[in-house]
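Report on the structure given below.
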């Protein structure tokens, strides 16, 4: 066997190994992260479950995810109770106590605003992606478009004759931290890519580029049914 053939075989083995690594690594890491999260949730919840309600007290083996299931049920029940009059009264009473604590008040209000913004069903935050010239003319940066400027900022910008938009400029490769910028609407170039595709582009350092034109996703069933109704029923 010649040296060239040996190098060819070694190159093929290397390529096969890298291909297998690309296939197996994401699956293995996903399974590991999921398993770790389940055990973390169980370790927090199971100690507070009474023995008579804990199936592990009767069985000879542990049930992974039982604590996580109980946590999901409790959170769902709290959400259900928080929507009625009595539940809202209890929540308001608890919030009134927290608002009297100087340090706790600031932390609670910030966390509540973050969760309401991220989890609110009708929220339009970070639904669009755009480009702005930053940090200097001729250089472009990817931004997540939040909302139109509101409150005092809107009044001040209107006095200057500018219609401003709030955008979030994320860094690479970790787009969780970044800069909050107020950009004139006409300076933003809207893109068709989704926020998920933009995040992949940022995390990969530009190696993963979304297809264009984007593949249109099928409409939601409920939305389709709504369109089929008579206009007076909408």
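What shape does region 1-66 take by its C-alpha gyration tensor, where a ≥ b ≥ c are the square roots of the eigenvalues and a/c under 1.5 counts as rounded, a/b above b/c as prolate, and the rest as oblate? Prolate, since a/c reaches 1.5 and a/b exceeds b/c.
For region 44-171, the Kirkwood hydrodynamic radius comes to 19.7 Å, computed from all pairs of different C-alpha atoms. Counting only the Cα atoms, region 1-115 fills a convex hull of 207 Å³ per residue.
Over 22 Å apart: what share of the alpha carbon pairs of region 126-200 falls there, rounded to a whole percent? When every Cα pair of region 126-200 is considered, 22 percent fall beyond 22 Å.
Where a number appears in this text, it was derived from the coordinates with a stated rule and is not lab data. Keep in mind that this is a model prediction, so the values were computed, not measured.
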